[in-house]
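One structure follows; several queries about it will come next.
FYI, it's all coordinate maths here, none of it is from the lab. All values reported here derive from a predicted model rather than from experimental measurement. We place every Cβ from the backbone using ideal geometry, glycine too, and count neighbours over all the protein chains shown.
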Ligand code: AMP
């Protein structure tokens, strides 16, 4: 661990759809050798694999609404029990409701801090980003603006079904109603930080690293 902290990093990335949480979570996880746990990715994999859970989740996801807390809490609880999460983790897309946030508190060891970073981006920029965002049709990785093929596997790029303007507006309104309240749930904690997501990817990464270091410093 390069953060000079005796703690495993347990990072929760908050922020609206399109804030760049996924990209930043991926970079942070890779740098620190800890798993990135993205509930959106887990659900999309289940849809692709045609499992029972995927079948249940598909319609809800395509409409931009939220999958039930019971299902989501079960998925995350199971994932956090896997041994690789002992070294720390980055959560991307969870929690999304106050119920999920309360459940998460019961899943983590109290002796280890949960660092919460909220990535802030103005709404009109989010709409623009989501409408033009492309992901790999083969491996699902996000592609930078202007890319023609996937940098990881060479696959063709596609738009996510839920990235069309109508569903994007619905997802942003669901965020405001159901997820924004968890910012208030966490805001009073010593390990809560906000960062500006309307900057270059590198600048956001630098601010994220500084926010995590400061949060862990405040915990000690
Ligand atoms: P994301 O990739 O994080 O934008 O998630 C895509 C979709 O998956 C969301 O619009 C929801 O339908 C569903 N989803 C992902 N994470 C959660 C969660 N924690 N709670 C409920 N639904 C979720």
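Order of 77, 10 from fewest to most other C-beta atoms within 10 Å?
Details: 77 13, 10 22.
Neighbour counts put them in this order, fewest first: 77, 10.
Summing -39500 (n - 2.57) over the DSSP H runs of n ≥ 4 in the chain and dividing by its residue number, what mean residue ellipticity at 222 nm do you reach, to the nearest 500 deg cm²/dmol?
Numbers: 9 runs with 103 residues, N = 220.
Mean residue ellipticity, 222 nm, calculated: -14500 deg cm²/dmol.
Related question: Under 10 Å, Cα contacts only: if you run a Gaussian network model on the chain, which one of 147, 46, 103 comes out with the highest mean-square fluctuation?
The residue that fluctuates most here is 147.
What shape does the range 142-220 take by its C-alpha gyration tensor, where a ≥ b ≥ c are the square roots of the eigenvalues and a/c under 1.5 counts as rounded, a/b above b/c as prolate, and the rest as oblate? Mind dumping the intermediate values first?
Working: a/c = 3.18, a/b = 1.42, b/c = 2.23.
Taking the square roots of the gyration eigenvalues as a ≥ b ≥ c, the range 142-220 is oblate.
Just to be sure I understand the model, the point goes 7 Å from the Cα along the line to the Cβ. What's the resulting residue 170 to residue 63 distance in nm?
0.7
Could you tell me how many degrees, from 0 to 90 and to the nearest 10, lie between the Cα long axis of helix 98-107 and the main elongation axis, the longest principal axis, of the Cα atoms of the chain?
50
Next question. Under a GNM of the chain (C-alpha, springs under 10 Å), which listed residue has the highest mean-square fluctuation: 191, 39, 31?
Fluctuation is largest for 31.
To continue, here is another question. How high is the relative contact order of the range 42-109, given as a whole-number percent (alpha carbon pairs under 8 Å, six or more residues apart)? Working shown, then result.
Values: 33 pairs, mean separation 13.8, N = 68.
Once normalised by length, the contact order is 20 percent.
Right, here's the next one. Mind running the shape call on the chain? Use the C-alpha gyration tensor, a ≥ b ≥ c as the square roots of the eigenvalues: rounded below 1.5 for a/c, prolate if a/b tops b/c, oblate otherwise.
Details: a/c = 1.44, a/b = 1.29, b/c = 1.12.
In terms of gyration-tensor shape, rounded.
Can you put 208, 104 in order, fewest other beta carbons within 10 Å first?
Details: 208 24, 104 21.
Fewest-to-most Cβ neighbours within 10 Å comes out as 104, 208.
Now for a separate question. Kindly list the residues of the range 22-53 that lie in the label zone of residue 131, defined by a backbone N under 14 Å from the point 7 Å along the Cα-to-C-beta vector.
none
On a 0 to 90 degree scale, rounded to 10, what angle separates helix 69-80 from the longest Cα axis of the chain?
Long axis of 69-80 versus the principal axis of the chain: about 60 degrees.
When ranked by the protection proxy of mean other Cβ atoms within 10 Å per residue, highest first, what sequence do the peptides 17-27, 152-162 form? Kindly include the intermediate steps, with their values, before the conclusion.
Values: 17-27: 22.3, 152-162: 14.5.
My ranking of the peptides, most packed first, is 17-27, 152-162.
When a/c reaches 1.5 or more, the comparison of a/b and b/c decides; with that in mind, is the range 1-107 rounded, prolate or oblate per its Cα gyration tensor? Please report the intermediate quantities before stating the final value.
Numbers: a/c = 1.81, a/b = 1.67, b/c = 1.08.
In terms of gyration-tensor shape, prolate.
Shifting gears a bit: What ranking do 97, 132 get, fewest neighbouring Cβ atoms within 10 angstrom at the top? Mind showing how you got there, number by number?
Details: 97 21, 132 11.
By the 10 Å Cβ count, ascending, the order reads 132, 97.
If you don't mind, there's one more thing I want to ask. Set the Förster radius R0 to 35 Å, insert the Cβ-Cβ distance between residue 84 and residue 184 as r into 1/(1 + (r/R0)^6), and round the FRET efficiency to 0.05. Kindly include the intermediate steps, with their values, before the conclusion.
On the way: r = 31 Å, r/R0 = 0.90.
Computed FRET efficiency for residue 84 and residue 184: 0.65.
I would also like to ask the following. Cα centroids of the range 164-195 and the range 35-78: how far apart, whole angstrom?
19
Could you work out how far helix 52-62 tilts from the main Cα principal axis of the chain, as a 0 to 90 degree angle to the nearest 10?
Roughly 80 degrees, rounded to the nearest 10.
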